[in-house]
Each structure stands twice: as C-alpha cells, then as structure tokens.
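The values are calculated or read from the model by the stated rules, or taken from the named source; none is laboratory data. Small disclaimer: the values here were computed from a predicted structure and weren't measured. For neighbour counting, all protein chains shown are included, and Cβ atoms are generated from backbone atoms with ideal geometry for every residue, glycine included.
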Amino acid sequence: MTEKILLPLDLTQAEAWKKVIDESIGMAQRREAELHVLWVVPALERNLRRLPEDKKPELEAFLKKRFPADIVVKGHVRGSMEAPHRAIRSVAEEIGADLIVMGARNPRLKEHLMGSTASQVTLYAKCSVYVVR
Amino acid sequence: MYQTIAVPVDLEHIDRLPKALRTAVDLAEHYGATLHYVGATTETPSPIAHNPADYQQKLEAFAKEQADQHGVATAAKMIVSVDLTIDLDKQLRDAFEEIGADLVVMASHIPGVKDHLFSSNAGWIANYSPISVFIVR
C-alpha cells in the first residue's frame with residue numbers, strides 16, 4: 001500500500017513554510033508516497049456566502065505551481081470552528097496518513113500556556129509526526 | 001539541512017525500536033548527517049549493564065554496529081542519571097544541546113520504565129525547542 005503523508009499548511013502564510021514544504025516533497029519522493037496537503041480554514045467568515053470549499057481552486061493552483069509533477073499531490077480544504085489541531089488529526093485518520101509533516105512557529109506566550117498546534121498534533125496523533133523547524 | 005541527528009535509544013528494548021532506527025538511518029543517509037545515539041543508564045546495576053562504563057561500551061558497540069550495517073557516521077552519547085524517572089527529560093534536553101543536534105528522531109513510546117518519556121519530553125520538544133523533531137509511531 002502506498003504511504004500517505006499529510007502536510008497541513010496555512011496558505012495565507014505560505015512563504016513562512018518553505019522549508020517544511022521542501023522537506024515534505026523530499027520525503028514523498030524518497031518514500032514514493034502520496035502527499036496530501038491540508039488547508040484548515042475558518043468554517044465561517046464575515047461574508048457568510050463564502051464557504052470553505054470556495055478556497056479549493058486557490059489551493060489547487062498553489063499545488064500545481066509549488067509541487068513537482070513526479071509526485072501524487074492531493075489537496076484538502078477543511079472548514080473548522082475549533083482549534084486547527086483537531087481538524088488535522090481527523091483528516092489524518094480519514095485518509096489513513098502514515099506521517100504528518102508540519103512546521104511550527106516560535107512559541108509566543110499563548111503557546112507557552114496552551115501548546116502550539118504542532119505540539120498538540122504530536123501528542124495526540126496516531127501516526128508519525130515530523131515537526132520541521 | 002541536518003548535520004547532527006540525535007536518536008534517543010533504550011538498549012534494553014532496542015528490538016522494539018526498528019522503525020525509529022530505520023527512519024533515523026534514512027534521514028542520515030539523505031543529509032549525510034551523523035547519528036548520535038543517546039542512551040541513559042543509572043549508577044546502579046541495571047539489567048543491561050553493571051555500571052556506567054559497561055553501559056558506555058555497549059552503547060558504543062551499538063553505534064558501531066549501526067555504522068557498519070548502514071554505512072552512516074554514528075556516535076554514542078551516554079547519560080548517567082540517579083533516577084531515570086525524574087531526571088531524564090532535562091538530561092535528554094541537555095544532551096541534545098551538548099551534541100548540537102538539529103534534529104531528534106525518537107519513538108513516541110520507548111516501552112518499559114521510560115513510558116513517561118513521550119508525554120513530557122516529546123511534547124516539550126515540539127513545543128519549545130528550536131530543533132526539528134520526528135516522532136515515529
């Protein structure tokens with residue numbers, strides 16, 4: 001069975017995740033794995049007519065531009081009302097991910113108190129987690 | 001991207017860590033990095049070693065075995081602890097800093113006495129440390 005790698009990404013800050021994107025591409029190539037890119041967006045926006053699915057074309061365009069054609073890349077957009085780590089974990093379980101590759105921001109006060117998204121995923125995910133800094 | 005990869009190991013349960021060891025070797029090969037196997041022991045005799053010197057020998061032998069098997073550069077780093085259940089987290093962090101690790105590859109659950117390792121240490125690394133971390137499950 002082909003291995004599946006999940007890459008949670010915030011497209012609004014794609015430049016900040018250059019290293020983790022490159023690393024996930026390298027991993028997918030070496031392991032001949034499928035790469036699933038997940039964008040967790042707010043389920044509700046100020047403009048209520050805009051739905052999470054509307055962001056799919058933007059994600060697809062980004063995937064086409066940023067990822068090489070020699071690996072299988074699939075995009076997922078997930079609207080979430082909760083903390084992103086829950087959405088990341090539930091998508092990981094849905095697709096049966098073997099590995100989650102993700103970036104982590106430098107902790108600020110909030111992260112010291114609550115833990116970062118990466119640490120929440122690390123603690124509770126059922127598959128391997130690779131946090132790239 | 002990486003030069004020094006730290007791999008915490010439990011010599012007592014080494015046969016239960018094949019996936020983490022394989023992942024570490026894979027990354028070391030790819031980046032041409034050195035694998036530092038970090039093992040912890042107590043001053044008092046344990047099932048694996050009579051004393052720290054004995055443990056150091058065994059850890060070095062293990063590191064050499066991995067190097068010979070996979071053709072990667074390896075090193076051994078021993079931690080001597082009075083009480084593994086209390087001190088290990090901090091001592092591991094200090095060891096990572098001392099060897100200058102830029103990536104840590106570890107099993108999420110090193111079975112046995114050190115069950116607590118993951119809950120506290122991996123969480124801590126993912127949360128606060130400036131280095132990358134690969135938790136293998």
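Data overview
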{"read-out": "Failed criterion for B:Ala49 (all others in (1) touching a Phe, Trp or Tyr at 6+ places or on another chain (Cβ under 7 Å); (2) over 28 Å from A:Leu99 (Cα atoms); (3) touching a residue at least 40 places away in the same chain (Cβ under 8 Å) hold)", "value": "(3)"}
{"read-out": "Residues located in the stretch A:13-37, provided they are within 19 Å of A:Asp70 (Cα to Cα) and aliphatic (A, V, I, L, M)", "value": "A:Val20, A:Ile21, A:Ile25, A:Met27, A:Ala28, A:Ala33, A:Leu35, A:Val37"}
{"read-out": "All helices (runs of 4 or more DSSP H) inside the stretch A:27-133 with 2 or more residues being among the β-branched types (Val, Ile, Thr) and away from every other protein chain (no Cβ under 12 Å)", "value": "A:84-95"}
{"read-out": "Residue satisfying all of: in the stretch B:29-44; out of contact with any helix residue (DSSP H, G or I) (no Cβ under 9 Å at 6 or more places or on another chain) and farther than 16 Å from B:Thr85 by Cβ; surrounded by the fewest Cβ atoms within 10 Å (Cβ to Cβ) among these", "value": "B:Gly32"}
{"read-out": "Residue count, the stretch B:5-42 (criterion: of a type in the set (Gly, Ala, Ser), assigned to a helix (DSSP H, G or I) and modelled with pLDDT of 95 or more)", "value": "2"}
{"read-out": "Of the criteria (1) touching a strand residue (DSSP E or B) at 6+ places or on another chain (Cβ under 7 Å); (2) of a type in the set (A, V, I, L, M, F, W, C); (3) surrounded by fewer than 14 Cβ atoms within 10 Å (Cβ to Cβ), which one A:Val91 fails", "value": "(3)"}
{"read-out": "Residue count, the stretch B:6-23 (criterion: closer than 14 Å to B:Val104 by Cα and either more than 12 Å from chain A (Cβ to nearest Cβ) or more than 14 Å from the chain's Cα centre (by Cα) (or both))", "value": "5"}
{"read-out": "Count of residues meeting criterion [under 15 Å from B:Ile99 (Cβ atoms) and either of a type in the set (A, V, I, L, M) or in a helix (DSSP H, G or I) (or both)] in the stretch B:57-86", "value": "8"}
{"read-out": "All positions within the stretch B:86-103 that are buried (at least 16 other Cβ atoms within 10 Å of the Cβ) and basic (Lys, Arg)", "value": "B:Arg93"}
{"read-out": "Flag for B:Asp94 being acidic (Asp, Glu), farther than 30 Å from A:Ser24 by Cβ and within 14 Å of the chain's Cα centre (by Cα)", "value": "yes"}
{"read-out": "Residue list for the stretch B:57-72, restricted to those being surrounded by 13 or more Cβ atoms within 10 Å (Cβ to Cβ) and either of a type in the set (Gly, Ala, Ser) or at pLDDT below 95 (or both)", "value": "B:Ala63, B:Ala67"}
{"read-out": "Residues of the stretch B:84-137 that turn out to be among the aromatic types (Phe, Trp, Tyr) and either modelled with pLDDT under 85 or on the phi > 0 side of the Ramachandran plot (or both), as a count", "value": "3"}
